[in-house]
Amino acid sequence: MIELKFLGTGALGRARVKSKLSKDYRRFSTLLINNDLIIDPSEDVFEFAETFQLRDICDGIETVLITSSEPDKLSTNAVERLSAKKRRYVCASQSVCTILGDLKGASILPVEPFSIIEAKNYRIIPLPANHATEIRGEMTYSYLITCEEKNILYAPGASFINPVAWQFLREMKLDVVILDCALGDLPYSEKCVSFNNLALAGAVKDIMTGSKVADESTKFILTNMPSGRKMPTHEQIELAIENEKLPFRVAYDGYFTHI
């Protein structure tokens, strides 16, 4: 069994509510797998651990993956705090590794697209993502993670499907697809260049199922959700999904599931 723990599910923006236990209180997006692999840890992770009384949730982490240099995806302070008591292996693009520099307790490993990372029980492949940052030419990543013969695609902060990545993915069978939905059910706009709205996420699902990359057994989960005060609420997005008859689960902070 593979455990997926969403410690944060929000895109860059302020939480719309004060209650830290509300589904509309969204910390920066962070995924923890089997308590030993974490993706995009921010300092919100430590507050999450306190709020949910899971103070040892980060103790077993061995590998850290980072998708981009965006401030909601890269926190030098969080990586340093995670590495204070135990050495962590941090995998990221060269741009991100340059920002991280030489952190005490962390082994910083720059990785290239489609390279294979072997970490404990995982086979990890960084895939190019459709997302631009303020660093010109930065390679931003989604990650394909294989564990116990299950394939998990984690793609927050990325729009649609990168065509180069698709040439690789189209030969796969995905068991879990975790997609960005930073624009919620808002209409198409210029922001769809770097983020999904619900319609784009639905299009990704249709392409994957039509190409047999995914099927009825594939679990589709939305994360990196809108978190600004003027953005749709969790309930509004779930209602839109129900109306469109889409097979999406909407993650929230504290959403734990397994495959």
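The values are calculated or read from the model by the stated rules, or taken from the named source; none is laboratory data. Since this is a predicted model, take the numbers as computed values, not measurements. Heads up, the Cβs are rebuilt from the backbone with ideal geometry, glycines too, and the neighbour counts pull from every protein chain shown. When the accessible area is computed, the model is the full protein with side chains, heavy atoms only, and any ligands, DNA or RNA have been set aside. Shrake-Rupley method; radii C 1.70, N 1.55, O 1.52, S 1.80 Å.
Quick notes on this one:
- Members of the stretch 159-203 that are outside any helix (DSSP H, G or I), of a type in the set (A, V, I, L, M) and open to solvent by 20 Å² or more (accessible area, probe 1.4 Å): 161, 172, 186
- Members of the stretch 229-253 that are within 17 Å of residue 180 (Cα to Cα), in a loop (DSSP other than H, G, I, E, B) and open to solvent by 20 Å² or more (accessible area, probe 1.4 Å): 231, 233, 246, 247, 252
- Residue selected from the stretch 15-36 under the condition more than 18 Å from residue 226 (Cα to Cα) and in contact with a Leu (Cβ under 7 Å, 6 or more places away or on another chain), by the criterion surrounded by the fewest Cβ atoms within 10 Å (Cβ to Cβ): 33
- Summed over the stretch 99-128, the residues that are open to solvent by 70 Å² or more (accessible area, probe 1.4 Å), within 15 Å of residue 66 (Cβ to Cβ) and touching a Pro at 6+ places or on another chain (Cβ under 8 Å) give a count of 1.
- Failed criterion for residue 51 (all others in (1) open to solvent by less than 80 Å² (accessible area, probe 1.4 Å); (2) closer than 24 Å to residue 123 by Cα hold): (2)
- Within the stretch 204-213, if we keep just the residues that are over 18 Å from the mean Cα position of the chain (by Cα) and assigned to a helix (DSSP H, G or I), the residue that is surrounded by the fewest Cβ atoms within 10 Å (Cβ to Cβ) turns out to be 210.
- Residue within the stretch 63-82 that is among the polar types (S, T, N, Q), touching an Asp or Glu at 6+ places or on another chain (Cβ under 8 Å), open to solvent by 70 Å² or more (accessible area, probe 1.4 Å) and over 22 Å from residue 171 (Cα atoms) present: yes
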